[in-house]
Amino acid sequence: MSGRRKHPVASPPAEPLAALAGRLTAGDRQVCRLLGDHQVLTAGLLALLVGTPPRTLQQRLTTLATLKVVDRFRPHQPVGAGSAPYHYLLGEAGAAVLAADGSATADRPGQDRAQLLRLAHANGHLPHLLAVNTVLAQLTHTARHRAGTRLVCWWPPGRCQAQWGRLITPDAYVRWQDPDGEVDFFLHHPAQPAADQPTLLLDGYNDLAAATAITTPVLLYPDDPDQEAQLRDRLTGQRLLVPVATSNPACGPPTDPVWLPTSSPAGGRRYRLGALGHPNPWDLIRPAAAATPAPRTTDSAGLPPPG
């Protein structure tokens with residue numbers, strides 16, 4: 001046996017774009033766009049987003065990982081918890097594909113790959129990101145399969161920042177339609193310390209509402225019922241210029257009647273998303289002048305103008 005140390009073999013470079021052009025399907029490019037927009041997704045979330053059976057998609061993702069179109073990692077799990085599923089992010093070749101087809105625009109900025117790869121290591125941002133992306137996948141899946149529902153738009157944080165600057169920092173801006181109506185809302189998955197001081201989180205929304213007279217609801221979606229109860233306790237008696245509702249995954253899918261306005265008691269009626277676009281759920285909020293969402297003025301894209 002040789003005593004010479006074996007050096008790891010370097011991974012082959014990503015395939016040239018010309019070679020990839022004949023190998024990537026429309027579905028592969030959709031996966032690239034989704035990862036470019038939403039950073040990290042599991043195979044299960046991607047299956048909901050693209051409408052492909054999980055087993056079929058998993059096989060394709062393995063091929064795309066070989067081609068460096070996607071990268072994948074398994075996050076650290078506590079001892080005894082078993083292996084985590086693969087988590088996927090945009091690979092070197094995938095980023096080149098997006099850049100080549102013009103997808104790396106102001107709405108889909110180029111990604112800092114070093115920052116993305118840091119998500120492969122244990123940190124608090126990954127669970128937060130996956131929780132938000134799970135809501136996106138659930139809305140998309142419901143809109144595909146339930147009559148009368150539609151996900152009109154979903155803006156991730158980068159696009160929200162481009163629109164509204166640093167005044168507000170939502171995890172997403174969303175427009176949703178269902179049989180109960182249509183609603184625009186800002187989504188937040190509160191993390192510490194925001195969950196301890198939710199009024200600080202909402203200050204920017206109050207400022208935006210005061211400046212524009214557009215009271216777009218803010219939906220807070222913490223991890224569990226205890227965190228939701230704590231959020232609601234801390235918001236009790238606070239003067240808010242925007243309607244606020246809460247829920248958590250234990251209540252059921254976000255498309256079900258799971259949203260409880262902060263003006264309602266803890267055991268009050270919960271609403272579907274579409275109903276939050278009407279005044280009724282907010283009737284108990286604040287003094288008369290700001291008691292219900294103001295009529296929306298919209299820009300040419302059908303979206304509230306920036307503050």
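The values are calculated or read from the model by the stated rules, or taken from the named source; none is laboratory data. The model shown is predicted, which means the values in this text are computed figures rather than measured ones. Neighbour counts are summed over all protein chains in view; Cβ atoms, including those assigned to glycine, are modelled from backbone coordinates with ideal geometry. Remember, those area values only see protein heavy atoms, side chains included, never the ligands or the DNA or RNA. Shrake-Rupley method; radii C 1.70, N 1.55, O 1.52, S 1.80 Å.
Within the accessible area of the range 210-274, what % is carbon and sulfur when the probe is 1.4 Å and the other protein chains stay in place? Here it works out to 47 percent. Direction-averaged projected area, Cα convex hull, the range 193-270: 5.1 nm², rounded to one decimal.
Among 152-160, 41-49, sorting by the average number of other beta carbon atoms lying within 10 angstrom of each residue, highest first, gives 41-49, 152-160.
Only one residue of GLN161, GLY181, PRO198 has its Cα farthest out toward the positive end of the dipole of the range 144-199, where Lys and Arg carry +1 and Asp and Glu -1 on Cβ, and that residue is GLN161.
FRET efficiency for the pair GLN58 and THR25, taken as 1/(1 + (r/R0)^6) with r the Cβ-Cβ distance and R0 = 22 Å, rounds to 0.90. Note on THR212/HIS145: beta-carbon distance plugged into 1/(1 + (r/R0)^6) with R0 of 45 Å gives a FRET efficiency of 0.80.
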